[in-house]
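Some notes on the structure that comes next.
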Amino acid sequence: VASHTLLGELVAAGLYLRKAGLDEMLANVERSATKESLRLGNRVANLARLGGVALLVGVFGTTTALMSQLFLIAQLKAPVPGDFTVGIGESLASTALGLMVALFCFVAFFWFDSRLTQRVLAVREVAEEMMRDAAERTGSR
């Protein structure tokens, strides 16, 4: 039975094949590390997805605000430049907000993705060392 930690999952995967020898134990640790890395990476990827959605929402807000501003100006008999500026400024604010949220999401995604890769590699090395120790102690090489 594996624990719900990354190290627990990798050690359990290796020990599952302890009768098959060290090479099979290490191969199963590697397979489990790849699987866990993909599973955790999919969670981190939600930040990038959120960033993409924020960009689209910002552009959608800009488009709808500009459309409503243009419909309003079309109804005026003698529009002046001041009639354009307020609506355009408000519509661009939604783009700016979408860009800020997206930037935060993308920076967070790349940071967490990098940290995840580093952590999975470090934990995999610990699990492999534990498998070597277990194989030495049981005499299964």
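The values are calculated or read from the model by the stated rules, or taken from the named source; none is laboratory data. Everything quoted here is computed from the prediction, not taken from an experiment. When we count neighbours, we look across all protein chains shown, and the Cβ atoms used for this are built from the backbone with ideal geometry, even at glycine. SASA here: full protein model, heavy atoms, side chains in, ligands and nucleic acids out. Shrake-Rupley method; radii C 1.70, N 1.55, O 1.52, S 1.80 Å.
With respect to residue 43, is the statement that it is out of contact with any Lys or Arg (no Cβ under 9 Å at 6 or more places or on another chain), of a type in the set (Lys, Arg), more than 30 Å from residue 12 (Cβ to Cβ) and assigned to a helix (DSSP H, G or I) true? In short, no. Residues in region 53-88 that are of a type outside the set (A, V, I, L, M, F, W, C), without any contact (Cβ under 8 Å) to a residue 40 or more places away in the chain and surrounded by 11 or more Cβ atoms within 10 Å (Cβ to Cβ): 61, 62, 63, 64, 68, 69, 79, 83, 85, 87.
Can you say whether residue 104 is at pLDDT 85 or above and closer than 30 Å to residue 30 by Cα, as far as the supplied structure shows? Criteria not met by residue 104.
Please work out if residue 136 is more than 30 Å from residue 48 (Cα to Cα), open to solvent by 90 Å² or more (accessible area, probe 1.4 Å) and not in a loop (DSSP other than H, G, I, E, B). Here the answer is yes, as residue 136 does meet what is asked. Among the residues of region 9-32, those that are small (Gly, Ala, Ser), closer than 20 Å to residue 136 by Cα and surrounded by 14 or more Cβ atoms within 10 Å (Cβ to Cβ) comprise 12, 13, 14, 27.
Residue 90: on the phi < 0 side of the Ramachandran plot and in contact with a Gly (Cβ under 9 Å, 6 or more places away or on another chain), yes or no? Criteria not met by residue 90. Screening 50, 40 for residues that are in contact with a Cys (Cβ under 9 Å, 6 or more places away or on another chain), aliphatic (A, V, I, L, M) and either open to solvent by 60 Å² or more (accessible area, probe 1.4 Å) or under 24 Å from residue 7 (Cβ atoms) (or both) leaves exactly one candidate, 50.
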